[in-house]
Amino acid sequence: MRTDLSRGPRSLTAWSWAGVALALVIVTGWWQATTGPSQAFSQTPSIGPASISSIHALARLEPGKGLITIGVRPGARLEAVPVHEGDRVDKGATLALTEGHQAALAQLALAEAQRLSARNKKALLREKLALEREKYDATKEVRLATLRRLSEIAHQQIDGINVLAKTLSANQVREKVDLEKARLEAEVQKSQADLNVKEFEAATHLMTQLRALEDKELVEGGTDDELLDRQIEAARAAVEQTVTKAPAAGVVLAVMSHEGEISSGPVLYMGDLTVMVCKAEVDQAEVGNVHVGDTAEVLVGAKTVAGKVTHVAGMVIPNQMRDIDPRARQDLRVVHVTIRLNDADEASRYVNMQVEVTIRPSTVTSK
């Protein structure tokens, strides 16, 4: 059989392309068998129920009743900050004093001294009146009898002068003049004596009403006392404006301003550390699986503290905390979930710390 050498190269080329195609088929089959479905299919979300065993979120440690910010009027100079970090304070304890405090105290002391002086004066007047009344009551009968006796004597003196005048003769002119003069003087004395009797009888009759008026003027709580009380109230209000007190019992966590400084607003932070919570920022896509009563684990430093969900907020907000992992998504829409910690001791040492939380839903939900 004759061989046509002129067709050799063309036949070799055809066989070469066929071999390449077969090799591609073999390699593609091996790659699919090794890597599974293509990337396009692997990114397609699965459809159907999925169990949510845990939800991870960032959180911040806070006192159970919240972190309390204590501040004063911005621009006010601080006279004193009598507390330090770590101090336990009761409700109403003084936390800061601002400028004008000493002057306000002096004004209050002056107002209180004025009221005390007025009360002492009234007390002395009441004692004096009591003595005068006792004296009056003890002598009024004798005085009235004396006044009436003097009136009678004046009347008798007039009667005697009249009788004597009848005995004088017409030529006893000088004696008549002297007698008339004596009679006029006696008339004056009689009139004065009668007036004294009437005045004393009237005073005795009106004594009850007069004493009631005196007692009313000296009673405690009158209009002058009310004025002094208002002055004291105003002075106390001025003092209170310079004093910042603790709104609740707790621990001083940080002191931001000190004596002599001009306040910019916040002076210190405090809180009740007997109960600690953490405020978790749960992604809006997962918060539907979280319910009150779900258990949780909070990583505080190197220690895991158990807790329970006590509140799920009803508002979606931008996240405030950022994951330190640069690959993690930073712009999230989250819902605040409050978790009460079973043991507050460890968390109370790190108020405001950012921690990691694992929430374990108590029910199975579908995504």
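The values are calculated or read from the model by the stated rules, or taken from the named source; none is laboratory data. Just so it is clear, the model here is predicted, and its values are computed rather than measured. Here the Cβ is made from the backbone with ideal geometry for all residues, glycine too, and neighbour counts use every protein chain on show.
Scanning the stretch 322-341 for residues that are at pLDDT 85 or above and either out of contact with any helix residue (DSSP H, G or I) (no Cβ under 9 Å at 6 or more places or on another chain) or under 13 Å from ARG60 (Cβ atoms) (or both) yields a total of 9. When LEU97 is tested against the conditions (1) in a loop (DSSP other than H, G, I, E, B); (2) under 23 Å from the mean Cα position of the chain (by Cα), the lone failure is (1).
Out of the stretch 286-296, which residues are assigned to a loop (DSSP other than H, G, I, E, B) and small (Gly, Ala, Ser)? GLY293 - this is the single residue of the stretch 286-296 that is assigned to a loop (DSSP other than H, G, I, E, B) and small (Gly, Ala, Ser).
Scanning the stretch 247-285 for residues that are among the β-branched types (Val, Ile, Thr) and part of a strand (DSSP E or B), which turns out farthest from ASP323 (Cα to Cα)?
ILE262
Of all residues in the stretch 263-318, exactly one satisfies the criterion of being touching an Asp or Glu at 6+ places or on another chain (Cβ under 7 Å) and small (Gly, Ala, Ser), namely ALA306. Filter the stretch 255-289 down to the residues that are of a type in the set (D, E, K, R) and either crowded, with 21+ Cβ neighbours inside 10 Å or under 30 Å from LEU97 (Cβ atoms) (or both) and list them by number. GLU259, GLU261, ASP272, GLU281 - these are the residues of the stretch 255-289 that are of a type in the set (D, E, K, R) and either crowded, with 21+ Cβ neighbours inside 10 Å or under 30 Å from LEU97 (Cβ atoms) (or both). Filtering THR139, THR146 for residues that are surrounded by 13 or more Cβ atoms within 10 Å (Cβ to Cβ) and of a type outside the set (D, E, K, R) leaves a single hit, THR146. The sole residue among GLY86, GLY160 that is in a loop (DSSP other than H, G, I, E, B), surrounded by fewer than 16 Cβ atoms within 10 Å (Cβ to Cβ) and either in the same structural domain as VAL252 (by TED's automatic domain parsing) or over 28 Å from the mean Cα position of the chain (by Cα) (or both) is GLY86. Residue pairs whose Cβ atoms lie under 7 Å apart, separated by 6 or more positions or on different chains, with the first residue in the stretch 309-322 and in a loop (DSSP other than H, G, I, E, B) and the second surrounded by fewer than 14 Cβ atoms within 10 Å (Cβ to Cβ), are ARG322/GLN330. Of all the criteria given as (1) modelled with pLDDT of 85 or more; (2) closer than 30 Å to GLU141 by Cα, the one not satisfied by GLU217 is (1). Among the residues here, GLU201 does not qualify as free of Cβ contacts under 8 Å to residues at least 40 places away in the same chain, over 30 Å from ALA234 (Cβ atoms) and assigned by TED's automatic domain parsing to the domain that holds GLU220. Could you check the stretch 222-266 and list, in sequence order, the residues that are among the hydrophobic types (A, V, I, L, M, F, W, C) and under 16 Å from the mean Cα position of the chain (by Cα)? Of everything in the stretch 222-266, those that are among the hydrophobic types (A, V, I, L, M, F, W, C) and under 16 Å from the mean Cα position of the chain (by Cα) turn out to be ALA237, ALA238, VAL239, VAL243, ALA246, ALA248, ALA249.
Among residues of the stretch 224-239 that are within 25 Å of GLU99 (Cβ to Cβ), those with a Cβ under 8 angstrom from a residue that is modelled with pLDDT of 90 or more and outside any helix (DSSP H, G or I), sequence gap 6+ or separate chain, pair up as ALA238/GLY100.
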